[in-house]
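Shown next, in structure tokens, is the structure this report addresses.
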Amino acid sequence: MTTTRFAPSPTGYIHVGNLRTALFNYLIAAKSGGQFILRLDDTDPERSKQEYADAIMEDLEWLGLTWDRVEKQSDRLGRYEAAAQELRDMGRFYECFETPTELDLKRKKQLNMGKPPVYDRSALALSEDEKAKLREERGQGHWRFMLDHERINWTDGILGDISIDAASVSDPVLIRGDGQFLYTLASVCDDIDFGITNVVRGSDHVTNTATQIQIIQALGGALPSFAHHSLLTGPQGEALSKRLGTLAIRDLREQGVQPMALLSLLARLGSSQPVELRSSLEEIIEGFDLSTFGAAPTKFDVQDLFPLTARHLASLPVEAVADKLDAIGVPADMAEAFWSVARENITTLGDLEGWWVLCRDGAEPLIDEEDHEFIAQAMMLLPDGPYDGDSWSNWTKDVKEATGRKGKGLFMPLRKAVTGMERGPDMSSLMPLLQVVRAKG
Ligand code: GLU
């Protein structure tokens, strides 16, 4: 069975970049009737917060990306300790005592000599006595996994054949000096224990994958298949990392973006298939194909979400927005007629209230200097409401006969006087919704 996972660290809100990872993993599992696990990578007790874990779940639920199972790394520290011991027992795990400053210095020296900044394994030369002394001076050391210096190969679901020389990578630190298990070990243990078959994550994890493959092999686990999606950039190709804070899923929700718009865009952006607005997750699942995604950085423009949101809203039946209409005060017996007009004229649901206020209270008339007399005359010909579907055509016919105006010169000043705007809904449909025409005085 296919089992995938989305593994955010609850140290902040999830953003569009994370969503891409979550969505791909969700879709792969859903497409094959498999399992999708939400894994909270919370081994860092300082930075991980329950509030963020709750927010991540709320955001995923809002999107409809529900998980079959949730796991927390902080519940599994015993397992990570056992795995660490296994690695120690097989001689693949060694304690190091360099301070960050010392490591930094080593890296700089290597770079100056034109060498790759790979950890030189000098801790391997320490005797037990030397280690005991260092422990006394500096406290517990940090632990590194000893990579086998050979090539690590895999066929990536997006990047194709990858081959990384393990000698070009530092032995990864799996336990910090303060005893904290690091993501690399925790993730490997979880992927093995939860039977993860497919790992999709950002291309910033490619080197991690190389080291994780060797750790999985050392621990006797089955290798999942790996795929690394490109990272999102801004519309001009600029790095998005600094702006991701403003592209949190909750901010987009706040701005009125609809889940279907977001999911439809992200399920296709960066692939060879066109972006198509879908009306359900089922359709998105059906149209998803990981192999159509390319390795190049993917441009993301938040503005693309608004036309998709508008089109999605225009397709919704009144039942889908009944609560919202009720909340802004649209009477139930007007909801259907109001929605059928308003839905074509909004970008987000936030725009609805303006249209409702227009219907309920009328608009401040917009009358050009030269039209004052014309509008005064026209308003005399407008009967008192309530209006119906014929009111606009009857009225404009009468005004045309009385004034001789026609075409745009007839319709535009009337529209502006009634709605206060140059553009807007079809007037025949709008008139029955208008409770007041303020220009009538
Ligand atoms: N917590 C890791 C991250 O958010 C998970 C990476 C992975 O999918 O393995 O980057």
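For (1) more than 15 Å from D190 (Cβ to Cβ); (2) away from the ligand (no atom under 12 Å from the Cβ); (3) surrounded by fewer than 23 Cβ atoms within 10 Å (Cβ to Cβ), each residue gets a yes or a no:
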site	(1), (2), (3)
S32	yes, yes, yes
D42	no, no, yes
L65	yes, yes, yes
Q73	no, no, no
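If I filter segment 420-441 for residues that are polar (S, T, N, Q), touching a Phe, Trp or Tyr at 6+ places or on another chain (Cβ under 8 Å) and closer than 29 Å to D326 by Cβ, do I get at least one hit? Walk me through it before giving the result.
The initial filter retains those residues of segment 420-441 that are polar (S, T, N, Q), namely 428-429, 435.
Then keep just the ones that are touching a Phe, Trp or Tyr at 6+ places or on another chain (Cβ under 8 Å); that gives 428.
If we keep only those that are closer than 29 Å to D326 by Cβ too, we end up with 428.
Yes, that holds for at least one residue.
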Anything in segment 307-357 that is under 21 Å from T419 (Cα atoms), of a type in the set (V, I, T) and part of a helix (DSSP H, G or I)? List them, or say none.
V341, V357
Failed item in (1) touching an Asp or Glu at 6+ places or on another chain (Cβ under 8 Å); (2) part of a loop (DSSP other than H, G, I, E, B), with M412 passing the rest
(2)
Selection from segment 96-148 of residues farther than 24 Å from A166 by Cα and either surrounded by 12 or more Cβ atoms within 10 Å (Cβ to Cβ) or of a type in the set (V, I, T) (or both) yields T101, E130, K131, K133, L134, R135, R138, Q140
Exception for I192 within (1) more than 30 Å from P274 (Cβ to Cβ); (2) part of a loop (DSSP other than H, G, I, E, B); (3) of a type in the set (A, V, I, L, M) falls at (2)
How many of the residues in segment 161-200 are over 25 Å from the mean Cα position of the chain (by Cα), in contact (Cβ under 8 Å) with a residue 40 or more places away in the chain and over 26 Å from W143 (Cβ atoms)?
2
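Scan segment 415-441 residue by residue and report those that are assigned to a loop (DSSP other than H, G, I, E, B) and either under 48 Å from the mean Cα position of the chain (by Cα) or at pLDDT 95 or above (or both).
Going residue by residue through segment 415-441, those that are assigned to a loop (DSSP other than H, G, I, E, B) are 420-426, 434-437, 441.
Result: G420, M421, E422, R423, G424, P425, D426, L434, Q435, V436, V437.
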By residue number, the members of segment 206-222 that are surrounded by fewer than 16 Cβ atoms within 10 Å (Cβ to Cβ) and more than 13 Å from the ligand (Cβ to nearest atom) are Q217, G220, A222
I'm trying to understand the selection: among the residues of segment 186-202, which are more than 9 Å from the ligand (Cβ to nearest atom) and within 11 Å of S225 (Cβ to Cβ)?
I196, T197, N198
Counted residues in segment 403-420 being within 19 Å of Y387 (Cβ to Cβ) and not hydroxyl-bearing (S, T, Y) come to 9
Pick out, from segment 1-116, the helices (runs of 4 or more DSSP H) lying fully within it that include 1 or more residues that are under 29 Å from L290 (Cα atoms).
16-31, 50-63
G389: loosely packed, with under 13 Cβ neighbours inside 10 Å and of a type outside the set (D, E, K, R), yes or no?
yes
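The values are calculated or read from the model by the stated rules, or taken from the named source; none is laboratory data. Predicted model only: the values in this text are computed from it and were never measured. Quick reminder, even Gly has a Cβ in these numbers, built from the backbone with ideal geometry, and neighbours come from all protein chains shown.
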